[in-house]
Each structure stands twice: as C-alpha cells, then as structure tokens.
Amino acid sequence: MREAMNAIDRIVQEVERKVRLVDEKLEGFFRTHTVRPGTFRPAVDELRSVPNRLSDMATEGSCAMRYAFAYFLKATAILQFLVGAGMAIGGASNNWEGSMLTIGLGIMVFAQFVWMGGRMVHRSADRKRYAQFQNRLLRLARQKGGRLTVLEAATDGRMTVEQAEELLRELVARGHAELRISESRMMVYMFLEIERDSEKDDARPIDEL
C-alpha cells in the first residue's frame, strides 16, 4: 500500500513539473510572438488547465488511497482491540488464566499502535489535501490578476466557503495576501506578488538598495 502511495506521489510531482514547463513555454511564446488579443486565448487557457486537472486528479487519487488506508488501519485496530478485550475478559473470568489474559492484553496494546498508525496516515492525507486546496487557490488568484473573493475561491477552487476563508486568512497572516474592503463592503483578498508581477524584471541585489 505504501509503495502504491509513493508511486502516486511521484506521478503528482511529475505532473506538476510538466505543468510548469507548459506554462513557461506558453509565456515564452506570447513574449516572442505578436498575437492579436483574444485570438488563441480560449484555446490556450483550456490547454493550460489540462496539466492542472491531471495534477489535481493525481493528488486526489493519492489522498483517496491515504484516507482508505487510514480507515482500514483504524477499523483493524478496533477489531483487534475488541478481540483482545474479549480474550482478556475470558482469561480473567476463567480463574485468571494467565496465557489467555496475557495474549489478550498484548493484542489490545498492539491495537493501540495500529490506531496511532491510522491517525498518522489520516493526518498525512489531510496535509496533502490542504496543500492541494492552497495550490488550487493560488492558481486561481493568478488567473484573476491577484484579486480574489471568498466565493470565487470556494466556487472555482471546488472547496467549501469555510475552507476557502480559512486558507485566505492564513495567507493574510503569513503576509502573502492583503485583505481590502470595497465601497460596497465586499471583502477582496489582494495577492501583491501576483498583482505586481511586472516588478520582477526590475529587481536588484539587496546590497544595491
């Protein structure tokens, strides 16, 4: 099972690498060719979305396998604990039969380790899913020119409003985004690094500042 999850992780990494290559080639094409606005944009946008969709599918497959393995471990742990408890109770009620009681207690202890393993795998899947949502949200912010609302993030990012709001607030807390409010009281999250992308060409060494 672990080998299968590692294989899916390698697929995800390879797909993400291809995503970056495709995006770099498209950017290079538009920089070196004069194209009438809107001529190829719909087709290019669709082409750009294909690697992202493949990456999402691979990541979702990896998360699904991790969740399935986690639930399998937890279910196994519960079953082992019940079997061990039954043996321990049977040994205690049968004039404290030493061997059955010892085996039962041993199974119960082992079941706790299996349960802990299931929780670790579950947390690993949660972290991977959270990273996927964050990556999807940042891609969406780039498509929107660095401006994003919670509903846009939830709708186009295929996540709940609560998840989108949590991700955006965390990015604000880390300094990657800034919360602004429009005249109509609409909350807009600004991604300054994306909005000021053109400033990268004017960047200078720190000692020259």
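The values are calculated or read from the model by the stated rules, or taken from the named source; none is laboratory data. Keep in mind that this is a model prediction, so the values were computed, not measured. Cβ sites come from the backbone with ideal geometry, for glycine too, and all protein chains shown count toward neighbours.
Mind listing just one residue for me: the one in the range 135-153 that is part of a loop (DSSP other than H, G, I, E, B) and not hydroxyl-bearing (Ser, Thr, Tyr) and, of those, surrounded by the fewest Cβ atoms within 10 Å (Cβ to Cβ)?
Per the criteria, the residue is Gly145.
Which residue is modelled with the highest pLDDT, if the candidates are limited to the range 86-100 and must be loosely packed, with under 13 Cβ neighbours inside 10 Å and part of a helix (DSSP H, G or I)?
Ser99
Here is a list of conditions, (1) touching a residue at least 24 places away in the same chain (Cβ under 8 Å); (2) part of a helix (DSSP H, G or I); (3) under 30 Å from Arg169 (Cβ atoms), and Ile78 meets all of them except one; can you say which number that is?
(3)
Phe133 versus (1) at pLDDT below 90; (2) over 25 Å from Ile194 (Cα atoms): which is the lone unmet condition?
Checking Phe133 against (1) at pLDDT below 90; (2) over 25 Å from Ile194 (Cα atoms), the one that fails is (2).
The conditions are (1) assigned to a loop (DSSP other than H, G, I, E, B); (2) within 21 Å of Ala68 (Cα to Cα), and Tyr130 fails exactly one of them. Which is it?
Exception for Tyr130: condition (1).
Quick check on this structure: which one of Arg158, Arg147 is closer than 30 Å to Leu73 by Cβ and among the basic types (Lys, Arg)?
Arg158
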